[in-house]
Amino acid sequence: MHHFKSIFLGIIFLFVALPLWGQSLQTESQMLALLKKDMHDTSRINIIADFAWQIRSNLPTKSYEYAQKAHKLARQINYTKGIIKSLSFMGIAMRNLGNYGIAGNYFDEALLLAQKHNMVEEEGYGNINVGNILFLEGKYQEAKSYIDRAVPIAQNHRNIKMKAYALVNLGRIYHKLKNQKESLQAFQEAIKIRQKLRDTLGIATIKYELAETYNEQKRYAEAKQYLDTIVKLAEHYQDHAMLAGSYNLLGKNALSKQNTAQARTYTEKGLSLAYSIQDKARIAALLYTMAEIEKEVKNFEKSDEYLRKYIIYQDSLHQETLKTRAEQWEFSHTLQEKETEIHREMLEIKRRDMWLIVLGASLLLAITAGIFVFLRYKQHAQKNKEIQAINHDLQESRNQAENYNTELMQLNEVLHANVEALRVSEDQQKRLNQILTENNNKLQEMNHEKDSLMGIVAHDLKAPLNRIRGILELLGLSGELNADQQQLMQMGHDIINSGSNLIRDLLDITYYEQGGTKMRWANLDWIVFMQEHTDSFVQEAQKKNIQLHLDLPTEAVESICDEDCLSRIFSNLLSNAIKFSPKDRRIFVKLQVLDNKLRLSIQDEGPGFTEEDKRKLFNKFEKLSAKPTAGEASTGLGLSIIKVLTEKMHGTIVLESEAGKGATFVLTFPKK
């Protein structure tokens, strides 16, 4: 139920998550009449895309069709802004229809195009869209990191609309993270901005969020006051999606007062609206409320019937396709016919381009490997030459010193000549040191070029992987798959996910090592941070029957630090402890305050580290002796990233371990 609520709230956000590009069009006939006029192609594309945006909530299937048309026209004339805009609207339509994977691919492609063409404002909205999909999937910390990227863009460009959208989403994320103070502040600031913009419907959306919060806190009177206003606005603007959600909250509100008749009336109205717009999330929410109403009046048979329907709809929210099932008769076949059409087109593209993709990827990998091998060979050859030259000079110096000593014993008269020879030797040593310094600088430049190349290669591989992911998801839309086909599909997804994780780590380590990250110092409550982040790994640990033990000080602990960096460090270490621990073991997480320092330790009962492991512990791409115990993937970059981030926070990391006796990572940070 908790995960379902996050999906439901996320849908509300998406209705106002993008700016109202272009002029509002009232009807399809008006839009078609405008298209008959003589106008530039870019104007025609914007009119079609704006109409797709207008009908995104009440007619998502038709919205997707028109967004596709706009995208095709924009591609034909290479109109970049139109391509990004139509991709975003295609993602919104797919998201409203429950196809989150396909929606995420569209949003990713739009964001990459904006970054490639340096279209900063479009990049800001792209970050908000990607963050919204992650929010729906329950990945709140990752969603926050994308939304955080949009906030400075909005501020630098004085785009208060974008800032309001970002604040609304942050308020929703903070609410899910149980940070009610930050959530309320974000909502209040967003309301102030939208009041300046006179965005009545946008204000109503935020009030809807507050009403949901008040209902959860049993502040029913305050929630009812907001909902009465929202219903009038939704009816005025004919926003059936918001109206259906408001009726659901009113039904819950009435049920809390045991007014089952009124609760049933509200909920049935909302259910009818949700069915009319094919909104699975709201249908599921309203079915659950109807089950609670029937349960309250002791009609358990009817309650069970609603619960069964609720489970069917809720399950469909976690699928990337809509399968033909008796329980899903409510959805029209229009979308299925359209998806079949798209699938056929993609199959043709796949047959035509598959070998080109495979050949290009293989060539790219071969070039990358060749460059890497060449650089390493050149580096080693240069070092060998330098070492040989040094040894030769040292041997000459030794021979000269021996000759000088012999001559001193035999002839005192040549003392001055020997001193002069020693001075010459010192000058040679200085020149040698200068040569070594110049060569070291060259090696550093070569290493920087290598890191830059790896970053470029990793970034360019991201788009092909996303395209392959989209193709696999569309293959799943073609109909029933047998067991072998499903296994191959899953293997493909696993390989793509592993590659995506490697690409993300490659980009991150290159970004961090080149000093790209900007530290965000702020006061942090360590007790709350440790509890929230440890709780987020409980489910993962339970899969292997691993017990997590958290030991925190009894008094409050606060300090100035970068919460995002600390979250990445802690999550990587705790994830590794779970990944490399056998089943039925324990993991101990402990926070201590020692003088003016904070000591954070994570101890596991896994295989531990050998002496060889310790020597190459924080090197990039190193595979250590221990292996994940449940077949999990490992990129070999996690500990390198942890070390870089720890040092940026002025901290230290130490490993305490013996082979076969578990491991303890100890982090020490200054308590500012």
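Segment T554..K192, full-extension length gain: 126.4 nm, with 0.36 nm per residue of separation and the alpha-carbon distance subtracted. Each residue was assigned an accessible area with a 1.4 Å probe, and for F374 the value is about 120 Å². Among 79-90, 427-438, 108-119, sorting by the average number of other beta carbon atoms lying within 10 angstrom of each residue, highest first, gives 79-90, 108-119, 427-438. Taking H40, H240 and ordering them by how much accessible surface each has at a 1.4 Å probe, largest first, produces H40, H240. The modelled label-to-label distance between Q410 and K544, using points 7 Å beyond Cα along the C-beta direction, is 7.4 nm.
Label separation (S571 vs Q225): 3.8 nm, computed from points 7 Å beyond Cα along the C-beta direction.
Placing dummy labels 7 Å off each Cα toward the beta-carbon, the span from R431 to R599 is 5.5 nm.
For the range 279-294, backbone nitrogen atoms closer than 20 Å to the point 7 Å from D315 Cα along Cα-to-C-beta are found at 279-292.
A simple count of charges around T664, restricted to other residues whose Cβ falls under 11 Å of its Cβ and scoring Lys, Arg +1 and Asp, Glu -1, yields -2. Once the Cα-Cα distance is subtracted from the 0.36 nm per residue extended length, the L481 to K583 segment shows a gain of 33.4 nm.
Largest accessible area first, the listed residues T554, T265 line up as T554, T265 when surface is computed with a 1.4 Å probe on the assembled protein chains.
The slack in the chain from L35 to E622, taken as 0.36 nm per residue of separation less the alpha-carbon distance, amounts to 205.4 nm. The accessible area of D484, taken with all protein chains in place and a 1.4 Å probe, comes to roughly 110 Å².
The values are calculated or read from the model by the stated rules, or taken from the named source; none is laboratory data. These numbers were taken from a predicted model, which means no experiment stands behind them. Cβ coordinates were reconstructed from backbone atoms using ideal geometry, including for glycine residues, and neighbour counts include every protein chain displayed. These accessible areas exclude ligands, DNA and RNA; they are computed on the full protein's heavy atoms, side chains included. Shrake-Rupley method; radii C 1.70, N 1.55, O 1.52, S 1.80 Å.
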